[in-house]
Amino acid sequence: MSGATEQIAAHCAEIGRCNQRGGRMLSVVDLLEAGTLAPRLAAYLLAAVGKGASFLVGAVPGGAGKTTVMGALLNFVPASVALRPADGPEAIRQGLRTPAPPACYICHEIGDGPYYAYLWGDDLRRYFMLPGAGHMLATNLHADTFSQARHQICGQNGVPAAALRKMNLMLFLEVRGAFGRAARRIVSAWESDGAAEHVCLFQAGRPGPGNGCSRLVSEAEIATARGQLDAILDSGARTIEDVRTRLLQQRKD
């Protein structure tokens, strides 16, 4: 097995550890086909996460697809960024002690419970310090709106507002329909460049993200990402392993 193949296998195995419901983890191809992601939003997210943007996915109901979306977006991280679980205080301390090479620390959920890689309280406050050491963050939580997420993170857990701004992307899902036939889609996307307050760049039913609105990525970068997604769709790739392979090949070219 080549080094590149081993790297992709390790990357996808870490995404697979987020899976709590069985079956394969869905890819961006699946989410585009299901209508969970609009094409322009998917291209924007590919461009932003591909440059190292931290991200959070929110929805109140269990089974809304938070972990599914998080896993698909984890496939977008730069090739040089390893995925690591934020599975307790020691893992976070290690990340704060060793700022290089950069990693993406995955909190499986912001929540108070004895579950793997769930963070709350002191551990969550330290987790939000990791971007200061050069690392990315990826997580999800039970919140339908930006204000709910901010209250949970800053109000209930005492994370400073300045640290919350390092969570560059905050996405919120909506679920409609009966269980088993439910339609899931991202209904809003909020962005911060890490310094300014978050702004809503995308809302369902409206065009977006609007041209030139993003502080994280340019229109040219979004257009390049859209071309990469189109090529992945045309290739027939579907699994996270195949999508990751195609994406890394395109970035290398």
### Query
In the stretch 137-171, what residues are within 23 Å of Glu14 (Cα to Cα) and either assigned to a helix (DSSP H, G or I) or out of contact with any Leu (no Cβ under 8 Å at 6 or more places or on another chain) (or both)?
His142
### Task
Keeping to the stretch 74-127, report how many residues are out of contact with any Pro (no Cβ under 9 Å at 6 or more places or on another chain), assigned to a helix (DSSP H, G or I) and not basic (Lys, Arg).
9
### Query
Here are some residues: Arg93, Arg126, Arg97. Which one is among the charged types (D, E, K, R), over 22 Å from Lys51 (Cβ atoms) and at pLDDT below 95?
Arg97
#### Entry: Unmet criterion (only one of (1) farther than 20 Å from Ala225 by Cβ; (2) among the aliphatic types (A, V, I, L, M); (3) under 12 Å from the mean Cα position of the chain (by Cα)) for Val28
(1)
### Query
Just checking, which of Gly65, Gly71, Gly22, Gly58 is surrounded by 15 or more Cβ atoms within 10 Å (Cβ to Cβ) and at pLDDT below 95?
Gly65
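Which residue out of Ile240, Ile153, Ile222 is modelled with pLDDT of 95 or more, under 17 Å from Lys51 (Cα atoms) and among the β-branched types (Val, Ile, Thr)? Step through it out loud before you land on a result.
Working: Ile240 fails: under 17 Å from Lys51 (Cα atoms); Ile153 fails: under 17 Å from Lys51 (Cα atoms).
That would be Ile222, the only listed residue that is modelled with pLDDT of 95 or more, under 17 Å from Lys51 (Cα atoms) and among the β-branched types (Val, Ile, Thr).
Could you say whether any residue in the stretch 97-110 is free of Cβ contacts under 8 Å to residues at least 60 places away in the same chain, over 15 Å from the mean Cα position of the chain (by Cα) and under 19 Å from Gly158 (Cα atoms)?
Filtering the stretch 97-110 down to residues free of Cβ contacts under 8 Å to residues at least 60 places away in the same chain leaves 97-105, 107, 109-110.
Narrowing further to those that are over 15 Å from the mean Cα position of the chain (by Cα): 97-102.
Retained after the next criterion (residues that are under 19 Å from Gly158 (Cα atoms)): none.
No, the stretch 97-110 contains no residue that is free of Cβ contacts under 8 Å to residues at least 60 places away in the same chain, over 15 Å from the mean Cα position of the chain (by Cα) and under 19 Å from Gly158 (Cα atoms).
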## Note on the structure
For Arg40, the lone unmet condition from (1) surrounded by fewer than 22 Cβ atoms within 10 Å (Cβ to Cβ); (2) modelled with pLDDT of 95 or more; (3) in contact with a Phe, Trp or Tyr (Cβ under 9 Å, 6 or more places away or on another chain); (4) not β-branched (Val, Ile, Thr) is (2)
### Number of positions in the stretch 104-138 that are touching a Phe, Trp or Tyr at 6+ places or on another chain (Cβ under 8 Å) and either under 18 Å from Arg165 (Cβ atoms) or among the β-branched types (Val, Ile, Thr) (or both)
9
### Task
Quickly run through the stretch 211-233 and pick out the residues that are under 27 Å from Glu6 (Cβ atoms) and either out of contact with any Leu (no Cβ under 8 Å at 6 or more places or on another chain) or exposed (fewer than 15 other Cβ atoms within 10 Å of the Cβ) (or both).
Ala231
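The values are calculated or read from the model by the stated rules, or taken from the named source; none is laboratory data. All of these numbers come straight from a predicted model, not from anything done at the bench. Note: ideal-geometry Cβ built from the backbone for every residue, glycine included; neighbour counts use all protein chains shown.
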